[in-house]
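First up is the structure itself, then whatever we jot down about it.
Each value in this text was obtained by applying a stated rule to the coordinates, not by laboratory testing. Note that the coordinates shown come from a computational prediction; the quantities given were computed from them, not determined experimentally. Glycine also receives a Cβ, built like all others from the backbone with ideal geometry; neighbour counts cover every protein chain displayed.
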Amino acid sequence: MMKIAVTAASGSLGSAIVKELVQKTGADNVLGIARTPEKAQSLGVEIRKGDYNSYADFVKALEGMDAVLIVSGMDHPDKRIQQHRNIIEAAKENGLKKIVYTSIYGAEEGNAFSPVVGSNRQTELDIKDSGLQWAIGRNGIYIEPDLEYIDTYEKEGGIINSAADGKCAYTSRTELAFAYFKLLTDDTLTGKTYNLLGESLTQYQLAEAISKTYAINLPYKPISVEAYTQQRQAALGEFLGTVIGGIYEGIRSGKFDGHSDYKTVAGREHQSLHDMIRSFKSLSK
């Protein structure tokens, strides 16, 4: 059985992928890598230290592994490329057979989120040039942050952002975890890049679906790109606020509405919006 390492195992997506792999392949075949190993101990698998800034960490962390799932880093775009290269080079040093990467779907130019997308595209090229087998997923926007924010939305009087009438092909971390299990273990999917997206919907549809499932009245209220970006910068700091503002500017202009390859990867349709919301609500009880 193949030994699979998952980076950023203490994070939301990394931990979801670890749990999916454990369920499908067994804990003995899964390794978690985390910058702070103590934060990932509850996953029930071996955890090794791996700071994205340290090539030496990953040379040690990837010993004995056959494949690595690289969860895209959260740092500034001008740092992320080298951070990802540290993992790619360590994988080559250890003779791994395969790299799978969680990239992002979105516009490579034109908004404040584009530098993040561009840095992911460079990592995609680096992986393709590694000489190892590879598969790349381009993730849609996670629905979980909106659902985790419902109480705040209610206090603020609705979902308020700059997406306007733009459509976004939302996905969920649990749906992505299943897709990445497939990309790691199904050799027929090797050597390709896949858009991992759900159905495209507007913020009005999102607000309506949340309202129905949670039995609340949650309207959607559009504001300008500038106003929303300033609001997010005030709440989250300049870097992250600008990135979030860029995401919703991208939704507004249709850059997160695209063709999905999810069924090709997973062998089934992506969960519907209502099913994703119901699943999140059930797991949150």
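Only helices enter the 222 nm calculation for the chain: every DSSP H run of n ≥ 4 contributes -39,500 (n - 2.57), and dividing by all residues gives -14000 deg cm²/dmol, rounded to 500. Summing Cβ point charges (Lys, Arg +1; Asp, Glu -1) relative to the Cα centre of the chain gives a dipole of roughly 440 debye.
If the chain linking residue 75 and residue 274 were pulled fully straight, counting 0.36 nm for each residue of separation and taking away their Cα-Cα distance, it would gain 68.4 nm. Given the choices [x] 14.1; [y] 25.4; [z] 21.3, mean projected area of the Cα convex hull in nm² derived from the coordinates of this structure is entry [x].
Placing pseudo-labels 7 Å out from each Cα toward the beta carbon at residue 230 and residue 187 gives an inter-label distance of 5.8 nm. Modelled this way, with points 7 Å down the Cα-to-C-beta line, the labels at residue 97 and residue 284 are 4.1 nm from one another. Among the chymotrypsin sites (Phe, Trp or Tyr not before Pro) within the range 133-199, those in coil by DSSP and having at most 16 neighbouring Cβ atoms inside 10 Å are 149. Once backbone amide H atoms are built at 1.01 Å from N, residue 166 has no partners under 5 Å, excluding neighbours fewer than 5 places away on the same chain. Partners of residue 192 within straight-line reach, counting lysines whose Cα lies under 24 Å from its Cα and excluding those fewer than 8 residues away in the same chain: 3, 24, 92, 97, 98, 128, 182, 255, 263.
Among beta bridges identified by DSSP and lying wholly in the chain, the antiparallel ones come to about 5 percent.
Please find the FRET efficiency linking residue 36 to residue 109, where r is the Cβ-Cβ separation and R0 is fixed at 30 Å, and quote it to the nearest 0.05.
Working: r = 35 Å, r/R0 = 1.16.
E(calc), rounded to 0.05, equals 0.30.
Count Lys and Arg as plus one, Asp and Glu as minus one, and take only other residues whose Cβ is under 10 Å from that of residue 30; the net charge is then 0.
Let's test the formula: R0 of 35 Å, r as the Cβ-Cβ distance of residue 154 and residue 263. What FRET efficiency results, to the nearest 0.05?
Details: r = 35 Å, r/R0 = 0.99.
Efficiency, from the Cβ-Cβ distance: 0.50.
Pairs of alpha-carbon atoms within less than 8 angstrom and 6+ residues apart define the contacts here; what relative contact order does the chain have, in percent? Please report the intermediate quantities before stating the final value.
Working: 565 pairs, mean separation 47.6, N = 285.
Relative contact order here is 17 percent.
Quick one: net charge of residue 186's neighbours, Cβ under 15 Å, K/R +1, D/E -1? Local net charge: +3.
Report the net charge of residues surrounding residue 90, where surrounding means a beta-carbon distance below 11 angstrom and charges are Lys +1, Arg +1, Asp -1, Glu -1. With Lys, Arg at +1 and Asp, Glu at -1, the neighbours total -1.
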